[in-house]
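Report on the structure given below.
The values are calculated or read from the model by the stated rules, or taken from the named source; none is laboratory data. Values in this document were obtained by computation on a predicted structure and should not be read as measured data. So basically every Cβ, Gly included, is an ideal-geometry build from the backbone, and we count neighbours across all protein chains shown. Side chains are part of the model used for accessible areas, which takes the heavy atoms of the whole protein and leaves out ligands, DNA and RNA. Shrake-Rupley method; radii C 1.70, N 1.55, O 1.52, S 1.80 Å.
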Amino acid sequence: MEPLEIAPGVYDVGVIDWNIRDFHGYSTDVGTTYNSFLIVDDKIALLDTVKKEFADQLLANISAVVDPKKIDYVISNHTELDHSGGLARVMHRVGEDKPLYCSKMGHKNLPRHFARNWNYQPVETGQELSLGKKTLSFLETRMVHWPDSMFTYLKEDKILFSSDGFGQHFAGPERFDDQIGEAIMVHAKKYFANILLLYVPLIKKYLQTVIDSGMEFKMICPDHGVIWRSDPTKIINAYVKWCQQEPQKKAVVIYDTMWHSTEKMAEAIAAGINKEGVPAKPLHLRKWHRSEIMTEVFDARAVVVGGPTLNNGLFPSLADFLCYMKGLKPLNKIGAVFGSYGWSGESTKIIAKELEAMKFDMIDPGLKVQYVPDKDGLEQCYEYGRKIGKAVNE
Ligand code: FEO
């Protein structure tokens, strides 16, 4: 994409990754962007770079505004390689001796990615950097998304550069939230549910710091997706709400199946839940991507998980998803398990143990049906669904 002046002297010089579909296990169905910002004042600063393979595009974008050699300061808000991969190439062009600002943790982490003796300038919360008429202020935001993460605030223009915070994996010709409307919130929510959920305790703390500071925002510029311009407090308020993890009256029925028996059970259970006025849909683990399912889990009250027994254990897709969900630490869930089995039937016990380890409030030991569920078996599933629906309604 071409550089865009988003405020006087402030340019979005990032790149679009139209074709990425798997971002370390997250389904980026519409691609993503790696945003980078150039601030031209008496001094010139570059905030963040891009993935390594896009470094030349970034440099071309910068060159359309200024000669990269004229950049005085480079700021790394986050070490992860989607934002620092292009750093070596950029520093080579900008000048290897130019000051490189990062958090104290960034100062530890960047050298572990790049064997270069750059001119590191570690900063801490509250420290400022004057560019002349404009001033940058730093805020360490450890674990949003890595220990090195920080936000940078451009005081005079009231622009927050929030790194991964408030991001969305979204690629499009649109550069601002108001060009998309409400539809962008779906991407922001998916990002929160799959990348930031486990760090909710820390995110709450930073949000409170920002709210208490009375800091005003004309724009919030994350490193992925569109810039929040129409009403930046909207995404802040959404984060405050999402951090509360208050579930909706909703259930998800997540399953895999060998010969369609557990599938039949899942559909009958979902129908029973729906009968109680609780929206529920069956989600087949090999038809839905784990990150889509996790987004559904995020605001559901009941998480119902089913699978057949394979080799006395779990189906691989179940093991994958349970591991993924466990890592993200969703809260305030009712859990239930089910599955078809042939002879040993361990899967429901194993799934239940995993959900208990996630502190889900389990309804009961679960429902098992041997081989193919007949009319009575499906009736049991339907009634089990009603029981789950009632628990959600309590
Ligand atoms: Fe977009 Fe944690 O990197």
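How high is the FRET efficiency from LYS155 to LYS241, r the C-beta distance, R0 35 Å, rounded to 0.05?
The value I calculate is 0.80.
Dividing the Cα convex hull volume of the stretch 1-78 by residue count, how many Å³ per residue is that?
Enclosed volume per residue, from the Cα hull, is 96 Å³.
Any chance you could look up the accessible area of GLU383 with a 1.4 Å probe, heavy atoms only, rounded to 10 Å²?
80 Å²
Just report the Cα centroid separation between the stretch 11-41 and the stretch 138-153, whole Å.
With the stretch 11-41 and the stretch 138-153 each reduced to a Cα centre, they are spaced 19 Å.
In square angstrom, rounded to the nearest 10, how much accessible surface does TYR199 have for a 1.4 Å probe?
Taking all protein chains as shown, TYR199 has close to 50 Å².
Looking only at Cα atoms, what is the convex hull volume of the stretch 251-393 per residue, in Å³?
Given the Cα convex hull of the stretch 251-393, per-residue volume reads 87 Å³.
Ordering ARG386, ARG89 by how much accessible area each has at a 1.4 Å probe, largest first, what is the list?
From most accessible down to least: ARG89, ARG386.
Assuming R0 = 51 Å, what is the FRET efficiency of ASP374 and GLU182, from their Cβ-Cβ distance, to the nearest 0.05?
After rounding to 0.05, the efficiency reads 0.65.
Hey, what's the Kirkwood Rh for the chain if you take every pair of different alpha carbons, in angstrom?
After inverting the mean inverse Cα-Cα distance, the result is 22.6 Å.
Which of ILE269, ILE211, ILE220 moves the most in a Gaussian network model of the chain with Cα springs under 10 Å?
Sorting by GNM fluctuation, first place goes to ILE211.
Ignoring everything except DSSP H segments at least 4 long, calculate the 222 nm mean residue ellipticity for the chain; use -39,500 (n - 2.57) per segment, divide by total residues, nearest 500.
-10000 deg cm²/dmol
Over all directions, average the projected area of the Cα convex hull of the stretch 186-307 and note it in nm².
8.9 nm²
As a test of reading the structure, rank TRP343, TRP228, TRP18 by solvent-accessible area (1.4 Å probe, protein chains only), most first.
Solvent-accessible surface, decreasing: TRP343, TRP18, TRP228.
Could you derive backbone 3J(HN,Hα) for the stretch 151-167 from the dihedral phi with the Karplus parameters 6.51, -1.76 and 1.60 (θ = phi - 60°), listing whole Hz in sequence and x where the residue is Gly or Pro?
So the Karplus estimates, Gly and Pro as x, are 9, 10, 10, 8, 4, 5, 9, 6, 10, 9, 9, 9, 6, 6, x, 6, x Hz.
Just read off the accessible area of ILE203 with the full protein assembly in place, 1.4 Å probe, to the nearest 10 Å².
For ILE203, the solvent-accessible surface is approximately 10 Å².
On a full-extension model of 0.36 nm per residue, what is the gain between HIS113 and LYS234, subtracting their alpha-carbon distance, rounded to one decimal in nm?
40.0 nm
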